[in-house]
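Each remark here refers to the structure printed beneath this line.
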Amino acid sequence: MSNTSNDPSSLSKVQKHIVVRLWESTGFRGKTLWDIMQLLIVPTALLVGGYVLNEVAAERDRKNEDLRRKNDQTLADLRYKNDQSLTDLRYKGEVLKNYFEHMTTLLSDEGLAQSKKGSEVRSIANARTLSTLRELDEERKGILLKFLHEAQLIDSSSRAGKGSVLSLRRADLRSADLRFADLQNSSLKTAELSGANLSFSDLRGVDLRSTDLTNANLGYANLKNAKLDAKQLSDTQLRKSYLCETTMPGGTKSNRDCDKFNKDGSLKRRN
């Protein structure tokens, strides 16, 4: 009996038969290469599209996470700054409160207003005033200066009868908010008032000699009888101020706006 399993031709036919059966099972029999490629395009596109969509989604998630972290950091920074700002405001408020309490004691118990030049109580009050001003913001500097004026501690006029009790020499009044302030006859000689807002303020008889008024706002300020031999004072700053018997830098007098004043030195109402 012959052994057909060892026959090369028989083995080849069997193999071909198997290949044909497998090919038929794929459903591609009778299909051209183009037909097969068309059949594969859709699943391939779906596969590639799915991959791309997953990558896009992943990139979007990464960007959203980065944005969230940045937003969280920004909010944290804002909270920190707000907390710092509130802490700073509370501190400055406490500094001013302590100053008023201290000065009230010096006025009521130590006779500051009636003290003599060179006395210990004046030295204490002056040192406390200058050190406190260095710690305050623009608004509180203005409040402190108004307090000194109302207490007649910086009044240098003859009607005060004693001259200025406190000296504001080199006082840090930079950027102070002094809008609408009544500072008549105050001695602000050699004070640092750069950037201060003195608009609409009453500065009649104020001594501003050697005062730094760089970029100070003097718009609509009453400068009747004021002494303006001040440092860094420009004509532009005085363009909207009211001048009458005002001592200008260089010692000259300006009566530019005398017709706008009442007899008591106040400004006439504008129509």
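Would you pick out the residues in the range 161-193 that are within 20 Å of residue 246 (Cα to Cα) and of a type in the set (Ser, Thr, Tyr)?
Residues satisfying the conditions are 186, 187, 190.
What residue, of 170, 209, is under 18 Å from residue 140 (Cα atoms), at pLDDT below 95 and in a loop (DSSP other than H, G, I, E, B)?
170
Looking only at residues that are over 22 Å from residue 121 (Cα atoms) and either in contact (Cβ under 8 Å) with a residue 40 or more places away in the chain or of a type in the set (D, E, K, R) (or both) in the range 144-193, which one is surrounded by the most Cβ atoms within 10 Å (Cβ to Cβ)?
My answer is 173.
Search the range 66-100 for residues being of a type in the set (Lys, Arg) and under 30 Å from residue 143 (Cβ atoms), and hand back the single one that is modelled with the lowest pLDDT.
Once the filter is applied, the top-ranked residue is 81.
How many of the residues making up the range 245-264 are hydrophobic (A, V, I, L, M, F, W, C) and either within 25 Å of residue 168 (Cα to Cα) or touching a residue at least 40 places away in the same chain (Cβ under 8 Å) (or both)?
Result for the range 245-264: 1.
I'd like the residue in the range 203-241 that is under 17 Å from residue 261 (Cβ atoms) and touching a residue at least 40 places away in the same chain (Cβ under 8 Å) and, out of all such residues, is farthest from the chain's Cα centre (by Cα).
225
Looking at the range 243-262, which of the residues that are in contact with a Ser or Thr (Cβ under 9 Å, 6 or more places away or on another chain) and part of a loop (DSSP other than H, G, I, E, B) is surrounded by the most Cβ atoms within 10 Å (Cβ to Cβ)?
243
Would you call residue 175 modelled with pLDDT of 95 or more and touching a helix residue (DSSP H, G or I) at 6+ places or on another chain (Cβ under 6 Å)?
Yes, satisfied.
State which residue pairs qualify: first residue more than 14 Å from residue 152 (Cβ to Cβ) and inside the range 109-121, second residue among the small types (Gly, Ala, Ser) and crowded, with 17+ Cβ neighbours inside 10 Å in any location, beta carbons under 6 Å apart, and separation of 6 or more residues or different chains.
121/115
Quick one: which residue in 253, 162, 240, 224 is out of contact with any Leu (no Cβ under 7 Å at 6 or more places or on another chain) and modelled with pLDDT of 95 or more?
Checking each option against the conditions leaves just 224.
Out of everything in the range 145-195 that is closer than 20 Å to residue 229 by Cα and basic (Lys, Arg), what residue ends up being nearest to the chain's Cα centre (by Cα)?
For the range 145-195, the residue satisfying everything is 174.
Going residue by residue through the range 123-131, is there one that turns out to be surrounded by 10 or more Cβ atoms within 10 Å (Cβ to Cβ) and farther than 18 Å from residue 172 by Cβ?
yes
Pick from 97, 81, 63, 116: which is within 25 Å of residue 207 (Cα to Cα) and surrounded by fewer than 16 Cβ atoms within 10 Å (Cβ to Cβ)?
The conditions single out 116.
Could you grab the pairs with beta carbons closer than 9 Å, sequence gap of 6+ or different chains, first residue in the range 40-54 and surrounded by 10 or more Cβ atoms within 10 Å (Cβ to Cβ), second one part of a helix (DSSP H, G or I) and among the aromatic types (Phe, Trp, Tyr)?
Here the result reads none, with nothing in the range 40-54 linked to a residue that is part of a helix (DSSP H, G or I) and among the aromatic types (Phe, Trp, Tyr).
The values are calculated or read from the model by the stated rules, or taken from the named source; none is laboratory data. Computed from a predicted structure; not experimentally measured. For neighbour counting, all protein chains shown are included, and Cβ atoms are generated from backbone atoms with ideal geometry for every residue, glycine included.
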